[in-house]
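Report on one structure; see the data block that follows.
Bear in mind that the values in this text are calculations on the coordinates, not laboratory data. Keep in mind that what you see is a predicted model, and the values were worked out from it rather than measured. Positions of Cβ are generated from backbone atoms using ideal geometry, with glycine treated the same way; all protein chains shown enter the neighbour counts.
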Amino acid sequence: MITSNAFKTSMAKGGDFANSIISNVAKGGNTALSDIRQMGSITGETANQAVISYMGLTGKPGAPSYSDTEIGGGRIMGTETSSVNPEGIQFGMYHAEQYMAPEQGSYDVVQSVDGVKWYRQYATDAVQKIPYEKPDGKVAYDESIVQKLPPIPKRKDRV
């Protein structure tokens, strides 16, 4: 309980104590072979606040907010809401020491407060086709535009 309170207080301030814990979980531990099964993850409202702290956005005017966030195993995934994307947009960040640069879709490189580099991608428009059977028995498709993240990049330890 005391550690949880200390973590939350530190996180609310963007403090080193919380960011050290967030960093270890985000990176999946201290080895390149670590993954989410070994270190666990941060989810829920704690993760939504943790990404703000870990990315150095605490107290910054105009900083985005986050929802549906999961941090762990070399990835940070969720939805980012900002003035640019007021409806929210899915994002994925991949630890640059553990993952290859994304092969599909555009990305940028961002740095967390501990100096770690992350490849960041946002969802883009994609066509979703849902098959259905027409009255004459032929297959047709309902098509719609949806927001979809590009495929997760390959892990360097699995190439």
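Summarising the overall dimensions of the chain from its C-alpha atoms, the Rg and Dmax are 18.4, 67 angstrom. Using only side-chain charges placed at the Cβ, +1 for Lys and Arg and -1 for Asp and Glu, the dipole size of the stretch 38-121 relative to its Cα centre rounds to 160 debye. Counting lysine pairs in the stretch 49-159 that sit 8 or more residues apart in sequence, or on different chains, and whose Cα atoms lie under 25 Å apart gives 7. 3J(HN,Hα) couplings calculated from phi for the stretch 151-159 with the Karplus curve 6.51 cos²θ - 1.76 cosθ + 1.60 (θ = phi - 60°) are, in sequence order, x, 5, x, 6, 6, 5, 7, 10, 9 Hz; Gly and Pro show x. Counting only trypsin sites (Lys or Arg not before Pro) that DSSP places in a loop and that have at most 16 other Cβ atoms within 10 Å, the longest clean stretch of the chain runs over 1-137. Note on Thr124 and Ile152: the extension gain reaches 8.7 nm, defined as 0.36 nm multiplied by sequence separation minus the Cα-Cα distance. Which angle between 0 and 90 degrees, to the nearest 10, do you get for helix 2-13 versus the longest principal axis of the chain when only C-alpha atoms count? Around 70 degrees separate the two axes. Charge dipole (Cα centre; +1 on Lys/Arg Cβ, -1 on Asp/Glu Cβ; no other charges) of the chain amounts to roughly 420 debye. Ranking Gly78, Trp118, Ser67 by how far each Cα lies toward the positive end of the dipole of the stretch 2-158 (charges on Cβ) leaves Trp118 at the top. Among the GluC sites (Glu not before Pro) in the stretch 63-147, those located in a DSSP loop and surrounded by at most 12 other Cβ atoms within 10 Å of their own Cβ are Glu87, Glu97, Glu103.
Tell me the mean residue ellipticity at 222 nm calculated for the chain from its helices only (DSSP H runs of n ≥ 4, each -39500 (n - 2.57), averaged over every residue, nearest 500). Dividing the helical sum by the residues of the chain leaves -7000 deg cm²/dmol.
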